[in-house]
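Structure first, then comments.
The values are calculated or read from the model by the stated rules, or taken from the named source; none is laboratory data. This is a predicted model, so every value here is computed, not measured. Cβ atoms come from the backbone with ideal geometry, glycine included; neighbour counts cover every protein chain shown.
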Amino acid sequence: MFDWFRNRRRKKPTQAVFPPAWDDIIRRNVAHDAMLTDAERAQLRALIQVFIAEKQWEGAGGLEIDDEIRVTISAQACLLLLGLPHNYYRNVQSIIVYPTTVVPPQRTPGFFERPSIQADRQSPILGQAFLQGPVIIIWDAALREGRHPESGHNVIYHEFAHKLDMLDGTADGTPPLSNRDEYRDWIDICSREYLRLKNDADRGKKSFLNAYGATNEAEFFAVATEQFFDQPRALIKQAPDLYRVLQEYYQQDTYQRLISSRR
């Protein structure tokens, strides 16, 4: 009965005309939108309408939340969902947005919360995701990285990858998969590439992946997700097996999408 009411409620925003002003925001701030097929673009907009309606949005550090912030963040978060069975990030109730890099105030997590990593509370952040808690996003980074995927960094992909990872109740670098064979393949490939990145980081050797991914398995998955969407050419060249398991998980071929868009 609850699912029936929820699905009925979700039909309302998706039946509304997608605001032209929102289209302008996406074209201006989300470079990946231009690479999508017409069907993917329509699906993304339907996801955005529900996502914006269901989440609580809170500005912090003097930032006022407006449509540009909501649409830009939602479009990038929902891009990850295009090929996934999903429930609109059911573990995300609220999104807190700061204007620029900050040291967030000391916050006591709820009983069922914990950060995606054991963060140093005195360190500035670009984003943070809590188990059964909010997602924190830094707006200037989100805007810059959405416009320039060639940088290979995207705080929204990173933090919402953590939330996908946390859907099974823990942040361990392995999101919910379909069967035992998929888990075995995922663990084999991701463990190997995580250890390779960790070894490179320990030796001070530059890798095609951000060294922050060597922090732990959860950060590895989030960093690999950024690479999969923003720099798939480098990923498929340097770690084809890692590209394959991410492609199978997200059910998106980001390398082919990039090649097709350049034609």
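Out of (1) closer than 18 Å to residue 32 by Cα; (2) in a helix (DSSP H, G or I), the odd one out for residue 185 is which?
Failed condition: (1).
Hand me the list of strands (runs of 3 or more DSSP E) wholly inside the range 37-150 holding 1 or more residues that are under 22 Å from residue 26 (Cα atoms) and at pLDDT 95 or above.
Per the criteria, 56-59, 94-98, 135-138.
Looking only at the range 50-80, count every residue that is over 14 Å from the mean Cα position of the chain (by Cα) and buried (at least 22 other Cβ atoms within 10 Å of the Cβ) and tell me the total. Steps first, answer last, please.
The initial filter retains those residues of the range 50-80 that are over 14 Å from the mean Cα position of the chain (by Cα), namely 50, 52-71.
Now drop any that are not buried (at least 22 other Cβ atoms within 10 Å of the Cβ), which leaves 69, 71.
Qualifying residue count, the range 50-80: 2.
On the given criteria, is residue 182 under 25 Å from residue 88 (Cα atoms), at pLDDT 95 or above and surrounded by fewer than 21 Cβ atoms within 10 Å (Cβ to Cβ)? Give the derivation first.
Details: under 25 Å from residue 88 (Cα atoms): yes; at pLDDT 95 or above: yes; surrounded by fewer than 21 Cβ atoms within 10 Å (Cβ to Cβ): yes.
Yes, satisfied.
Tell me which of these residue 246 doesn't satisfy, since it passes every other one: (1) among the aliphatic types (A, V, I, L, M); (2) under 15 Å from residue 161 (Cα atoms); (3) in a loop (DSSP other than H, G, I, E, B).
Here residue 246 clears every test but (3).
Out of all the residues in the range 43-69, which are more than 16 Å from residue 21 (Cβ to Cβ) and among the basic types (Lys, Arg)?
Answer for the range 43-69, where residues must be more than 16 Å from residue 21 (Cβ to Cβ) and among the basic types (Lys, Arg): just 55.
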